[in-house]
Amino acid sequence: MKDHGVEQFKPNTTVAAVVTYQDRFLLVEEIENGREVLNQPAGHIEANESLVAAAKRELKEETGLSLAPNYLSGIYYFQRKDLDLHFLRFCFVFNIEGTSAPVCKPEDDEIINCHWLTLDEIKQNKTKLRSAMVLECIEDYLSGQHLPLSVIKTNLST
């Protein structure tokens, strides 16, 4: 008898943050395979970490910002054909109010810089986006797609 789950397909589970301030979106600049790319603050969940805790942690590590998400804007199943990898991405929205955009101070050495960009600026840099999901998440946010955090259930303490 085989161990349950040993041969099951298991996509990489990731979280991403659409961070908004007025009409701008926060993207991080990082190196992927020797190339500078733009991405939302994002990354893999860790063992025994809830989806919300992972989103908050990734945002803190990549931007230095300690914020709580407002809601979930989408769940994405994405195949990266060039690497033969599959991703299940949970995209959270963090809306920032105030008179000025917060200054980012990345804690992760892999993050080169943070940028507050308009939708037009992001589209102009489409070839620099880490994946098509970056723009797709932003467009879904702009369409009003909205799932309350209460739809996410966990038995984890974090």
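The values are calculated or read from the model by the stated rules, or taken from the named source; none is laboratory data. Remember, predicted model here, so these are calculated numbers, not experimental data. Every residue, glycine as well, gets a Cβ built from its backbone with ideal geometry; the counts of neighbours run over all protein chains shown. Protein only, heavy atoms only, side chains kept; ligands, DNA and RNA dropped before computing areas. Shrake-Rupley method; radii C 1.70, N 1.55, O 1.52, S 1.80 Å.
The table below gives the values:
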quantity: Count of the range 109-136 residues which are within 16 Å of Arg24 (Cα to Cα) and of a type in the set (D, E, K, R); calculated: 5
quantity: Selected residue [aliphatic (A, V, I, L, M), within 18 Å of His115 (Cα to Cα), out of contact with any His (no Cβ under 6 Å at 6 or more places or on another chain) and open to solvent by 30 Å² or more (accessible area, probe 1.4 Å)] from Val103, Val52, Val18; calculated: Val103
quantity: Top-ranked residue in the range 43-66 [being of a type in the set (Gly, Ala, Ser) and in contact with a helix residue (DSSP H, G or I) (Cβ under 6 Å, 6 or more places away or on another chain); ranked as nearest to Phe94 (Cα to Cα)]; calculated: Ser66
quantity: Candidates Glu62, Glu58 - the one that is open to solvent by less than 40 Å² (accessible area, probe 1.4 Å), of a type in the set (D, E, K, R) and under 17 Å from Asn12 (Cβ atoms); calculated: Glu58
quantity: Qualifying positions in the range 124-158 - part of a loop (DSSP other than H, G, I, E, B) and touching a residue at least 40 places away in the same chain (Cβ under 8 Å); calculated: Asn125, Arg130, Ser131, Gln145, His146, Pro148, Ile152, Thr154, Leu156, Thr158
